[in-house]
Amino acid sequence: MSRRRAVVVILLLVSAGCLGVGPVPSDESGGSTRTPENGTTVRVTDVVDGDTLDVRFPDGRTDTVRLLGVDTPEVHVENDPTEFEGVPDTEAGHRCLRRQGEAATTFAVDRLADREVTLRFDATEGRRGGYDRLLAYVLVDGESFNAALLERGHARLYDSSFRERDRYAALERTAREERRGLWSCAA
């Protein structure tokens, strides 16, 4: 095969993706769909709500992180009070959860916005969840932000399997007993 023909064949193979050379698949926001290593440090670029963050990796890729094991009241859609034990399914219950969702989001903005955080993954959970978001524990200044949400009553325990489940359940239980945060909405 002539040199010119070999170059054409190689170019065709590369452009078809057959040689594994080329761009990394990316999501609609331009971020990579690759899953990062455990302990990766990222910068928070946006706090979507109390339990969801947009982050940028050192190489410029972006992704969305859903905090593992916690669920804060919604701020962009209606809340379902039945998801928060003891909160009445009344107009007052809905209003209270909305306020608590805003408080959780404000707490996340205050603690995380434009900060470097560390992502930790749980071996018992997949690294990606619904909507292809990363599922992670977020550490800020070496402390678990996920646990801080529960401790302050900004979140409930999310019903899934993960290593910190027992610890998180105890944090939620204490916050509920002391009627902190969203638990002040309970009847």
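The values are calculated or read from the model by the stated rules, or taken from the named source; none is laboratory data. Everything numeric in this text was worked out from a predicted model, so none of it was measured. Quick reminder, even Gly has a Cβ in these numbers, built from the backbone with ideal geometry, and neighbours come from all protein chains shown. Accessible surface is based on the protein model in full, side chains and every heavy atom, while ligands, DNA and RNA are left aside. Shrake-Rupley method; radii C 1.70, N 1.55, O 1.52, S 1.80 Å.
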- 20 Å cut-off, amide nitrogen to a point 7 angstrom out along Glu91 Cα→Cβ, residues in the range 167-187: 185-187
- Task: Kindly provide the GluC sites (Glu not before Pro) of the range 29-95 that DSSP labels as loop, not H, G, I, E or B, and whose Cβ sees at most 12 other Cβ atoms within 10 Å.
- Result: Glu37, Glu78, Glu85
- With every protein chain in place, the range 86-187: carbon and sulfur % of accessible area (1.4 Å): 44
- Once the mean 1/r over all distinct Cα pairs of the range 47-149 is inverted, what Kirkwood radius in angstroms do you read off? 14.5
